[in-house]
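The values are calculated or read from the model by the stated rules, or taken from the named source; none is laboratory data. Values in this document were obtained by computation on a predicted structure and should not be read as measured data. Positions of Cβ are backbone-derived with ideal geometry, glycine not excepted, and every protein chain shown enters the neighbour counts. All accessible areas refer to the heavy atoms of the entire protein, side chains included, with ligands and DNA or RNA removed. Shrake-Rupley method; radii C 1.70, N 1.55, O 1.52, S 1.80 Å.
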Amino acid sequence: MMNVLLLALAVAVISYFLGCINSALILSKYLLHDDVRNHGSGNAGLTNFYRTFGKKMVLWVIVGDLLKAILSCNVGGLLLQGVLTPYLPSPAAALAMGKLLGGIFCMLGHSFPCMFGFKGGKGVLCGAGVIMTMDWRITLICLGVFALLVACTRWVSLGSMVAAVLFPINCWIIYDSLAVTLLAVVAGFLIVFRHKENAKRIAKGEENRFEIKKE
């Protein structure tokens, strides 16, 4: 059990600091010399970066935030699958739990980066990266519903929250593990919690809709 705790701590620390590498913040502050948090919603994420700076460097934001989440999940799975397998229904569930632990701490680092005053993004791209490392059926359902809702409503926040709610439900169906499902609930809760103000604006019909900039 001590080995499990030590490895889990190592995964948490590594993943948190990977999450702190916020692409939108780094690109805006050090390459564009204009902190994205000083504009729009004040959020250091893809949507606000795009609304503020247009298409310039958006691809790098997407790639950077997806990769750090995918890397964190794979580190968690690699280090923890072996030690968690005896405690879970299957090796697949153990792998999923390791990935989720890495993914959650990456999302925390992204949302609350210690080197940027704990003011980061909302974790949507990181959450997408986490989902992409899980079972392909979970990826297809969650990201498919996200894309459909954004296409129909142009509310990125709505698509993000609904995908976050669907995520633990699908994890329960696929892995049949309470421990995995609870971690998936935590991951989904982080996304919903970070979008609580968006939810209020959606309820009032005041949420900004995503628009493709013509440049």
Just checking, does segment 65-86 include any residue being open to solvent by less than 10 Å² (accessible area, probe 1.4 Å), in contact with a Gly (Cβ under 9 Å, 6 or more places away or on another chain) and farther than 23 Å from residue 9 by Cα?
no
Hits in segment 142-157 (condition: surrounded by 15 or more Cβ atoms within 10 Å (Cβ to Cβ) and farther than 19 Å from residue 93 by Cα)
143, 145, 146, 149, 150, 153, 154, 155, 156, 157
Within segment 1-22, take every residue that is at pLDDT below 90 and in contact with a helix residue (DSSP H, G or I) (Cβ under 8 Å, 6 or more places away or on another chain) and give me the one that is nearest to residue 124 (Cα to Cα).
4
Give me the pairs: first residue in segment 80-96 and aromatic (Phe, Trp, Tyr), second residue open to solvent by less than 40 Å² (accessible area, probe 1.4 Å), beta-carbon distance under 9 Å, and six or more apart or on different chains, which are they?
87/4; 87/94; 87/179
If you go through segment 87-115 one residue at a time, how many are surrounded by 17 or more Cβ atoms within 10 Å (Cβ to Cβ), part of a helix (DSSP H, G or I) and over 15 Å from the mean Cα position of the chain (by Cα)?
7
Name the single residue that is surrounded by the fewest Cβ atoms within 10 Å (Cβ to Cβ) among those in segment 49-64 being basic (Lys, Arg) and within 18 Å of residue 156 (Cβ to Cβ).
55
Condition set more than 14 Å from residue 26 (Cβ to Cβ) and in contact with a Ser or Thr (Cβ under 8 Å, 6 or more places away or on another chain), scope segment 116-125, selection least open to solvent (accessible area, probe 1.4 Å): answer is 123
